[in-house]
1. Which lysines, on any chain, are close to Lys98 with Cα under 27 Å apart, when same-chain ones fewer than 8 places away are left out?
2. If one takes the longest principal axis of the Cα atoms in the chain, at what angle in degrees, from 0 to 90 and to the nearest 10, does the Cα axis of helix 413-424 lie?
3. From the residues Tyr36, Ala278, Tyr164, which one has its Cα farthest along the dipole of the chain in the positive direction, the dipole being from +1 and -1 charges on Cβ of Lys/Arg and Asp/Glu about the Cα centre?
4. Once you put a point 7 Å from the Cα of Arg476 and another 7 Å from the Cα of Ala526, both along the Cβ direction, what distance in nm separates them?
5. Along its three principal axes, how long is the stretch 268-490 when you only count alpha carbons? Whole Å, largest extent first please.
6. Which order do the peptides 479-488, 110-119 come out in when sorted by mean C-beta neighbours inside 10 angstrom, highest first?
7. Against the longest alpha carbon principal axis of the chain, how many degrees, from 0 to 90 and to the nearest 10, is the axis of helix 465-484 turned?
8. Let's see if you can work this out: charge +1 on each Lys and Arg Cβ, -1 on each Asp and Glu Cβ, no other charges. What is the dipole magnitude of the stretch 268-490 about its Cα centre, in debye to the nearest 20?
Amino acid sequence: MTDGSVPPHSPYTGRWVARLRGKVVAQGDTPEQALYASQQSRHKERPEIIFMLPLPPLIKKVLEILPAGQEIYLVGGAVRDLLLSVPSPDLDFALPAKGISIARTVANSLGAGFLLLDEERDTGRVIVTQEDGSRIFLDFAVYRGANLIEDLRARDFTINAMAYNLRDETIIDPTEGGKDLRAKTIRACSPASFSDDPVRILRAIRQAAAFDFRLEKNTRELMKQSANQLGRISPERLRDEVFKILKGPKPDTCIRALEMLGVLPYLMPELAALKGVAQSEPHMYDVWTHTLAVLGHLDRIISALRVGYDAEKTNDMFTGLLGLRLGRYRAQIAEHFAESLNIDRELRSLLFFAALYHDVSKPETKIIEESGRIRFFDHDIKGAEIASERLRFFNVSNNEVERARTIIKNHMRIHFFVDRLEKEKHPPSRRAIYRFFRDSGKAGVDLVLLGLADVRATRAHALTIETWTTYLNIARILLENYFEKPEEVVSPPRLLDGNILMKELGINPGPVVGQLLESIREHQAAGKIETLEQALAFARDELANQSTIKT
């Protein structure tokens with residue numbers, strides 16, 4: 001092993017090693033341990049301390065493509081992720097020159113896509129699409145500064161300011177990011193980190209949650225001081241960070257941190273008004289605390305319904321019942337979230353955005369009745385519009401706006417179903433189920449999950465097993481019809497169209513045609529119409545009744 005290379009199966013892979021004249025003489029979990037171990041036998045010699053990174057095959061292919069003398073470094077989050085043994089879909093490379101040219105060369109050699117990312121900064125992107133459809137992004141950029149060290153010092157956090165020399169397998173770490181990585185700390189590279197780019201405030205919170213790290217005290221203060229500068233950041237960059245936060249771990253903790261750091265007024269100002277807005281029983285919290293609790297419960301519910309979830313690991317009775325009643329739909333729920341309304345954003349993020357905004361209009365719709373009960377009439381309808389405005393500001397697609405609007409507008413319907421079942425012992429009828437999915441479509445699955453999270457956050461420790469079971473029964477009924485009986489109840493096949501209806505009934509085009517077709521579909525869903533003849537007979541009777549009423 002005279003060249004110092006380490007094959008993937010080597011016992012040194014993923015370890016710090018001390019190397020003398022190309023030979024590994026000691027190893028350890030940290031650089032300090034490797035140095036100490038080497039000094040026990042070679043105390044007069046100064047070894048080279050390096051980390052043996054298990055390089056992904058794609059990086060090795062890049063090295064094979066480039067000329068042997070090409071200076072190139074893996075930098076930023078890709079180095080951090082390798083040190084943490086975390087897969088990274090983004091690989092950033094820093095070079096002294098020709099970033100775009102080298103990116104083109106790599107793209108052509110790999111048969112991958114190429115994107116001119118930033119001509120001024122000489123940055124090109126290679127997009128590698130894998131067999132499963134997922135994509136890996138390789139960015140090639142010239143140093144931002146006079147040299148690599150200046151480039152690294154100008155980055156956001158120390159754990160992202162390391163570079164790995166792909167030629168001699170050494171780590172360059174001018175801000176001691178490795179030490180912070182081992183201490184599980186997010187630390188700004190410089191006092192100007194957040195004023196240089198305020199969006200780093202959101203990134204710091206997201207990465208702290210993703211890696212379960214803490215924010216260093218001075219870094220938190222710098223974040224607070226720069227919060228008011230978020231207004232100069234483009235809506236698209238803000239959107240991307242918000243959606244990454246909402247798709248990642250601990251979304252409730254992240255949003256709470258944004259509020260505590262004074263960020264929300266400059267990011268999603270509508271949410272600031274939720275704090276301190278009281279609610280009547282059965283609510284246990286004010287609107288803001290309730291909203292955060294919904295995010296937390298939704299995260300845990302989706303996690304408990306994922307494919308491969310080990311139900312034996314939970315000692316929470318409510319989660320156990322959730323798995324028993326709805327666990328059979330794990331695969332279908334996974335397929336639901338695998339669909340996307342936008343290639344750059346996940347459906348999960350949009351659902352969590354809707355959860356974050358589901359009660360956003362409660363402050364403006366709040367009334368206190370003579371009895372002292374607090375009501376929020378039409379908060380679902382008005383909240384849907386407020387959320388839509390914020391999403392349009394973030395420049396998401398129309399389909400995403402419509403999905404979020406549908407979720408928020410209809411989020412109370414689950415509670416109405418439960419209320420009727422508890423008080424009148426009436427489960428939702430086939431017609432009611434049809435109408436629910438007619439109005440919500442694919443968002444019906446999102447509504448079921450949000451409804452379960454909503455009741456857990458509403459009643460908190462006062463939620464009884466009986467009420468939770470009722471909610472699960474409603475959820476089971478809705479999902480069963482959606483996943484197992486779509487043609488019977490959710491979306492019955494059309495027996496006729498408007499042209500046939502007008503011809504058979506001798507009527508002209510107009511609203512009545514659409515009304516009759518919808519009535520036929522509802523009766524199909526209810527199991528009262530099964531054939532074309534029955535549909536036409538029903539339509540004739542309906543038309544006759546309408547004529548009688550008019551006269």
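1. Leaving aside lysines fewer than 8 places away in the same chain, those within reach of Lys98 are Lys60, Lys61.
2. So the helix axis and the longest Cα principal axis differ by about 50 degrees.
3. Tyr36
4. Reported label-point gap for Arg476 and Ala526 is 2.7 nm.
5. Principal-axis extents of the stretch 268-490 (Cα, largest first): 43, 42, 38 Å.
6. In decreasing order of mean packing, 479-488, 110-119 become 479-488, 110-119.
7. 90 degrees
8. Taking the Cα centre of the stretch 268-490 as origin, the dipole is about 280 debye.
Just so you know, all these numbers are worked out from the coordinates, no wet-lab data involved. Every value quoted in this text rests on a predicted model; they were computed, and no experiment measured them. Neighbour counts run over all protein chains shown; Cβ positions are idealised from the backbone, glycine included.
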